[in-house]
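First up is the structure itself, then whatever we jot down about it.
No lab work stands behind these numbers, since they all come straight from the coordinates. Just so you know, these numbers come straight off a predicted model, no measurement behind them. Cβ coordinates were reconstructed from backbone atoms using ideal geometry, including for glycine residues, and neighbour counts include every protein chain displayed.
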């Protein structure tokens, strides 16, 4: 009879043959067969972390960097529930992820047995596929297990990648009696490798819709004022095709901070578009057509600016989900972005309206104004930190941005032409959880140092993941802005409700982070001005080891400083 270990070995060997080699294990008893199978597999790279939530975000980060799913393994009970936040993020942002949860057998469910909950379909609508593997019986077929694993992998890495879940029910004994190290005759790498079913599936996007492309070319030729928006999840290979298309259409490109175009210096690229939308000259004139590449963008001002039923809005992406928060998309095209741009290539369209020139002029003005406002300031400020950091990050050093203020500050104030590597953020569901763990997973997958810029609440939310950073093979430089609470709420109307604002929204905690770094044996620094920050960060980036850099700012002063900058930009435009 097939044992639970036999089942686990078939699962792990099949995944390894498909190209999955990173396994993230949450310690537990019921998952013993899976853990033992991973521990003994020669190609399995395993990481063991005691916090299931952090483990799942590590897997998320690894897949963000590699586009290859990592495998999460946990025991029964609430362990599987702790993967849920990262799984939602993976689902919302099309990141592959494979969850193997161990479970009690059917006879122990809903009878008061210890650590037994309803685990089947626990993640609801978020996985691309959810399967249950029954406990091994005399009639259990090895081919059926293999086929389920292939189906699971294929669903995770298909045209719309995402998380998948296999709930594996195991009875005791969890390991075979006697010599647990002996391999069953069922477990045979050659048998798995020689099976024609075990081949990676195709991820080719849909073909180009040529008839619709001709309609678009005509529409673009008739239009007066157009925009190209580059959202997240657009590969850097698309940069040149997008820029060439913008040149032929004679339109500006507005790149989201997560796109690989945000830090590129090019005449068509308006890197400070979010601030440009403060100018009356820009806001007073609306585009009549928009091409939006990839996923959503961060800027709320842009979303409001484009909320116009008169414009013709085209969404182009390689995945099928809807990206249309304003309910205005006229044409939704699922195809390869690079090929779309090449197919739309045509002689440069000459336009009489000085549309592009007005965007270019305001971009130059903002660039100058930001430099004057921030360049020589010695006092620590959140805009200044993003401005300086964008200039300091070394080549081959990736950047991850926390949600709330960190990503917005970098989008508004980052300097252009310095940073050259990839930018990461968890913007699928835009939570503040698991950011340190995600950064560590990105470092492991990309095999390069990571700088993460985040706020104090997000840092505190993921304290356990400092253990992951402590053991990381790649350096993680944590730049934490500690403004004693949730700084983004100072920018929302609720700030005027003075009787409830601080305790319920500002949520001051009164904590400093030095002892947290000490507890996990991590280096720590607390620069008190911009000059100290520059020297501290530069030395940390060269040192090649992880460090926590804590920067103290004031939430109320930060809001006031932003208003000064915004007013200066309005007056200069």
Checklist entry - Using a ≥ b ≥ c from the Cα gyration tensor of the range 466-573 (square roots of the eigenvalues), is it rounded, prolate or oblate, where a/c under 1.5 gives rounded and otherwise the larger of a/b and b/c decides, a/b for prolate? => result oblate
Checklist outcome for this item: Evaluated at 4 °C and 1.567 mPa s, the Stokes-Einstein D of the range 375-572 based on the Kirkwood radius over Cα pairs, in µm²/s, stands at 76
Checklist entry - For 130, 248, what's the fewest-to-most ordering of other Cβ within 10 Å of each Cβ? => result 248, 130
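What is the calculated FRET efficiency for residue 570 to residue 235, with r their C-beta to C-beta distance and R₀ = 35 Å, to the nearest 0.05? List each step's numbers first, then the result.
Details: r = 36 Å, r/R0 = 1.03.
Using R0 = 35 Å, I get an efficiency of 0.45.
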Checklist outcome for this item: Per residue convex hull volume, Cα only, the range 210-361, in Å³ is 102
Checklist entry - So what is the calculated 222 nm ellipticity per residue for the chain, using -39500 (n - 2.57) for each DSSP H run with n of 4 or more, over all residues, to the nearest 500 deg cm²/dmol? => result -11000 deg cm²/dmol
Next on the checklist: Run the simple label-point estimate for residue 545 and residue 286 please: 7 Å along Cα→C-beta, distance reported in nm.
Outcome noted: 5.7
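Suppose the chain between residue 528 and residue 248 were pulled fully straight at 0.36 nm per residue; how much longer would it get relative to their current alpha carbon spacing?
Result for the pair: 96.0 nm of gain on full extension.
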Checklist entry - Roughly how many nanometres apart are two label points built 7 Å out from the Cα toward the Cβ at residue 364 and residue 391? => result 2.1
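Taking 0.36 nm per residue of sequence separation and subtracting the Cα-Cα distance, how much length would be gained by fully extending the chain between residue 307 and residue 45, in nm to one decimal? List each step's numbers first, then the result.
Working: separation 262, 0.36 × 262 = 94.32 nm, distance 4.78 nm.
Here the answer is 89.5 nm.
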Checklist entry - Which values of log₁₀ I(q)/I(0), to two decimal places, follow from the Debye formula for the range 331-384 at q = 0.20, 0.21, 0.22 Å⁻¹ with a uniform point scatterer at every Cα? => result -0.84, -0.86, -0.89
Next on the checklist: Taking 0.36 nm per residue of sequence separation and subtracting the Cα-Cα distance, how much length would be gained by fully extending the chain between residue 218 and residue 348, in nm to one decimal?
Outcome noted: 45.5 nm
Checklist entry - Going by how many other Cβ atoms sit within 10 Å of their own, how do 52, 338 line up, fewest first? => result 338, 52
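Enter the mean projected area of the convex hull around the alpha-carbon atoms of the range 4-172, in nm², rounded to one decimal. If you can, show how the numbers build up before the last one.
Details: hull surface 35.2 nm².
About 8.8 nm², averaged over all directions.
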Checklist outcome for this item: Two pseudo-spin positions, 7 Å from Cα along C-beta at residue 507 and at residue 328, lie apart in nanometres by 3.2
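Suppose we look only past 42 Å in the calculated P(r) of the chain. What percent of the Cα-Cα pairs does that tail hold? Each step should come with its number before you reach the end.
Values: 45611 of 163878 pairs.
Distances greater than 42 Å cover 28 percent of the Cα pairs.
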Next on the checklist: Given contacts defined as C-alpha pairs under 8 Å and at least six residues apart, what's the relative contact order of the range 320-453, whole-number percent?
Outcome noted: 22
Checklist entry - Normalised by the number of residues in the chain, what is the relative contact order in percent for Cα pairs under 8 Å and 6+ residues apart? => result 13
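Using r as the Cβ-Cβ distance of residue 147 and residue 429, and R0 as 35 Å, what FRET efficiency do you calculate, to the nearest 0.05?
Working: r = 32 Å, r/R0 = 0.92.
The formula returns an efficiency of 0.65 here.
I need 89, 571, 514 ordered by Cβ neighbour count within 10 Å, fewest first.
Sorted ascending by nearby Cβ count, the order is 571, 514, 89.
Step by step: find N for the range 501-550, compute 2.2 N^0.38 Å, then divide the Cα radius of gyration by it. What's the final number? Please list the in-between numbers first.
Values: Rg = 14.0 Å, N = 50, 2.2 N^0.38 = 9.7 Å.
Dividing the Cα radius of gyration by 2.2 N^0.38 Å gives 1.44.
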